[in-house]
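The structure under discussion appears below in the form of structure tokens.
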Amino acid sequence: MQGIIEKVTELLDNGTVDRVLAWKAGEFSYDRTPAVFDKESGLYGLVYDSFCVNNLSKYLIEESKKDGKVLVLMKPCDSYGLNMLIKEHRVDREKIYVLGVPCKCKVSVDKIKATGLTGILDIVEEGNDIKVTTVYGDTTLDRKDVLCDKCMVCKDKVVVVYDEKIESDETAGIEKLDRMAEVEALEAMTPDERFNFWRSQLSKCIRCNACRNVCPICSCTKCVFDNDNTGISSKANVDSFEENMFHIVRAYHVAGRCTDCGECSRVCPQNIPLHLLNRKFIKEMNELYGTYQAGTDAEAKDPLTAFTKEDAEPSVIYNR
Amino acid sequence: MLKFTSDQMSTLFSAISAMKTLYVPVEKGGEVTFGVWSETEKVRLDALKTVKSAKDLFFPQAETMMGFKMEGKNIEIQVPEEKMDEFVVFGVRACDAKSFEVLDNVFLAEPVDTYYALRRKSGIVICAACTRPEESCFCNVFGIDATAPAGDIVTWTVDGTLYWEAKTEKGEAFTAQLSEYLAEATAEEEAAVAAQNEAVKAIIAKLPYANLKVDGFTGDRMMEYFNSPKWAELYQACLGCGTCTFVCPTCQCYDIRDYDTGHGIQRYRCWDSCMYSEFTKMAGGQPRLTQLERFRQRFMHKLLYYPMNNNGLFSCVGCGRCVNKCPISMNIAKVIKALGDE
Amino acid sequence: MMSEITREDMHIPKIGIVREIIQETPDVKTFRINAPDGSPLFDHMPGQCAMISVPGVGEGMFSIPSSPTNREYMEFSIKMCGCLTSWLHSMEPGQMVTVRGPLGNHFPVENEFIGKDILVIGGGIGIAPVRSVVKYMLDHRQDYGRIDVVYGARSKEDLVYYEEMSKEWPKVPNTYVHLTIDREQEGWDGPVGFVPNYVKELNFPTDKTVIMCGPPIMIKFTLAGLMELGFQKEQVYTTMELRMKCGIGKCGRCNIGSKYVCKDGPVFRFDELDELPNEY
């Protein structure tokens, strides 16, 4: 954290950058809001800790339209999203200074609360201990037990696009879970079971559009679901068809482009495991066209846009 | 004060549901929502806050308002029934109960919204006093007592026993129907309820938002707040999603749309959000072009515009759902703090 | 147990039948509508609006340009500009539409306007909402002082109610109509130029009450011109339009600050608007 502040101050002071996109500490010890800092505002409130979970890459669409250069603190997993935005010409790379920051996996306050803790007044992290003070008493949790789901299947801790990197050898010290295990569990279900699973999940959807709005890949200037004239209500599930359709259309649209950053599931107020739709596509594409990770670089064509005559025909392959 | 004589809530629920449709907080797909009670549902009375508030029962996210039959040049309007089965909602917290007053001021003001009015008339609200408030709660800021909710009936749970008090005529009448399950509470028991309420209030006083100040939000200062430079900072990270709006018990903006069923036109209404870019879009332009303006609208409405039209009553009940659910952790409490006099 | 209510709800429209359609200009038509039994759909006051809908196509808020004194039918003058209005323009007489109203407030014709000299300023289709006031005042001519109507459009063909304004209104005592068009054209020997300039040229005495409606740019410059002439904002009324759905101050989208255009408006005085956020 101190190293980050020093580096950011240096780059602001020597005029390399004009603004800093980072996280701001909130009212509680765990709420972090993406925020832009500059010389005038100072860096008061800027924080980088285990609760800085938001993917900042999407904010660069608007930030890189402004005058001057913006420095962004870039976590490893979020940097894949930035590469996609660069590849799809959604951001102006020239106006962005990427300061890669290390990540030893983020802590989920929802998981802390799920242990039964409530009325949280303070959370202090000491090594592997998460010390929680609540109005009802104090508890210490093991950090490993309250990490964000998306961090449990994290990609390698490598910032894939950066101008400068701050290194750290701290790790979460966890054994990563198999990223495709949840998808395989769904595949193992009968069609009816799977249908019922998705109905029970998608019927919770309140159409707040948070999943779409947070997604760095959902970068259309105007989303089809925001078009009044489509005949789609876009803000209420008038029938079960529509609540399925929104998420399925979105999954198709980000297929081959989704970096699996997990923000969609994190922001869902109903905790719908939306990442599983995207991950299913990733698994299919890996099997059919070879392992591919969207956002590893800003050049390679993704499997669905790079057609070759040798490409597998999914229906043929799966019938063999 | 009465008390429920069994320690099995299901006894009470099955008695109620034998008479009327009963909604209770149930777990669906891992989240708690108000749903119809049955033996097989997983009841979650321990959950402090349902994801969607209880407003969904009176002002549902989507509802059909009327139908139209179109034939040549003729139109026939099909108006929905004027009757509705009475229903009971059990487990409404003080914040949500207060939200009904906020909604009443809109929907029951002339000209009355009969869709809402019928549901309000049909619904019996049984509240549950809070026992375990959390850090996102700040109902006290709006003068709400979490241990004395405004329902037809109020219940308190102390050491596994449910205490019961009817607060309205409707509540009295319904209590009478359940008399075989209820008995007078002793003075000692009443004292235990009072003691628990005091303990809960003491907890609330210790919560981080307990001392938010809203006195400064008065109509004469509307333009001062509207023009505050703070909005530019506050809205900055807003994703423009509708989460805060849709989990909010007092947000009541709606859209009216037509749907062609193939056999006629259904006109339905659904929740809408002032955070959405097309909320105020017209053929000729858009009065709130930027997310800053849309963000400001939501909070100006809750803290200034609504109170100006409703004798100073704020359109926020401090339930804290937005505090818990906003993807970027921006919420009305932070807005109050930033804009407030403190 | 069932509970009951009477389903009298302003969301639920009435059926209206389009009896007559008048082509006013190339893109404006006036529709004469009344109830299926030939009676008026409802009573209204000048400046009030109604929601007209073709189910499945859309619903829109339109001002009522006819006078409340007309008991035969209600008129709506509608410019073709979107999905619903195109549909309405393609209608033939006998077509049913749905109508909800009356909605909103009205011009204070029965109090503040009494005995005053009235200056009505309109531009383009903006003449529709104020025509109701003029018609009402002409029907109660003795209650008001001198009436001046300044109206401008792009061309002579675009002047809505041209016949009525150029032939009928000037015949009424102490009533003057000043028409202007944007550019010179054959067959027009009247004044040429934009409304704001024309109003300034006419150099009205400043003791008049002004009613103004038109495109935002016209309103802006005309108001500035009136201020230059010495008028006060307290004297100038206008009628607003924002996106509306419910029309009864509940759905939450047409507010300007704490006021709803559909319920507290559409008629506002400029000094009232000055006290509200500039979101319109």
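At-a-glance table
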read-out	value
Options B:Y115, B:C137, B:L304, ranked by Cα towards positive dipole end of chain B, top entry (Cβ charges)	B:L304
Residue-averaged beta-carbon neighbours from other chains (10 angstrom radius) around A:202-212	6
Tensor-based shape of chain B (alpha-carbon gyration tensor, a/c under 1.5 rounded, otherwise prolate or oblate)	oblate
Radius of gyration, Dmax [segment B:219-339; alpha carbons; angstrom]	15.8, 53
Exceeding the 18 Å Cα-Cα cut-off - candidates A:K155/B:K325; A:K95/A:K155; C:K29/C:K156; A:K75/A:K157	A:K155/B:K325; A:K95/A:K155
Segment C:119-205: GluC sites (Glu not before Pro) in DSSP coil with no more than 11 other Cβ atoms inside 10 Å	C:E184, C:E186
Cys residues of chain C counted as unpaired, since no other Cys beta-carbon is under 4.7 Å	C:C49, C:C81, C:C83, C:C213, C:C254, C:C262
Compactness of chain C, expressed as Rg and Dmax over alpha-carbon positions, Å	18.8, 75
Cα gyration tensor, segment C:14-102 - rounded (a/c under 1.5), prolate or oblate	rounded
Net charge dipole size for segment A:97-146 [Lys, Arg +1 and Asp, Glu -1 on Cβ; Debye, nearest 20]	220
Peptide C:6-17 - average C-beta neighbours from other chains (10 Å radius)	6
Rounded to 10°, Cα long-axis angle of helix A:191-202 versus longest principal axis of chain A	40
Peptide ranges B:64-70, A:203-209 listed from the most packed, as the mean C-beta count within 10 angstrom indicates	A:203-209, B:64-70
Cα-centred dipole magnitude for the protein assembly as shown, charges only on beta-carbon of K, R (+1) and D, E (-1), debye, nearest 20	980
Intensity falloff of segment A:251-312 expressed as log10 I(q)/I(0), Debye formula with alpha-carbon point scatterers, at q = 0.13, 0.26, 0.27 Å⁻¹	-0.37, -1.13, -1.19
Peptides B:174-187, A:45-58, B:313-326, A:83-96 ordered by average Cβ neighbours within 10 Å, highest first	B:313-326, A:45-58, A:83-96, B:174-187
Where Rh is the Kirkwood radius over Cα pairs, Rg/Rh for the protein assembly as shown	1.00
Cα convex hull of segment B:2-206, projected area averaged across orientations, nm²	14.3
Charge dipole magnitude, Cβ of K and R +1, D and E -1 - chain C, Cα centre, debye nearest 20	400
Cα gyration tensor category, rounded, prolate or oblate, for segment C:118-239 with a/c compared to 1.5	oblate
Unsatisfied cross-links (Cα-Cα over 26 Å) in the set A:K150/B:K28; A:K39/B:K206; B:K206/B:K334; A:K24/B:K28; B:K55/C:K259	A:K39/B:K206; A:K24/B:K28
Cα-derived Rg to Rh of segment C:66-105, Kirkwood definition	0.99
Number of partner chain Cβ atoms within 10 Å, mean per residue of C:239-252	6
Distance violations [Cα-Cα > 27 Å] among A:K58/A:K104; A:K66/A:K280; A:K222/C:K14; A:K222/A:K301; A:K58/A:K165	A:K66/A:K280; A:K222/C:K14
Residue (of C:M244, B:G160, B:G318) at the positive-pole extreme of the protein assembly as shown, dipole from beta-carbon charges	C:M244
log10 of Debye I(q)/I(0), alpha-carbon scatterers only, for segment A:178-320 at 0.09, 0.11, 0.13, 0.17 Å⁻¹	-0.31, -0.46, -0.64, -1.08
Karplus-derived HN-Hα couplings along segment A:54-62 (A = 6.51, B = -1.76, C = 1.60, θ = phi - 60°), whole Hz, x at Gly and Pro	4, 7, 8, 4, 5, 4, 5, 4, 6
Chain A: C-alpha pair distances exceeding 35 Å, %	25
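Read the figures in this text as sums done on the coordinates, not as results from a lab. If you're wondering where the values come from, they're calculated on a predicted model, not measured in any experiment. With ideal geometry, Cβ positions are generated from the backbone for all residues, glycine too; neighbour counts draw on all protein chains shown.
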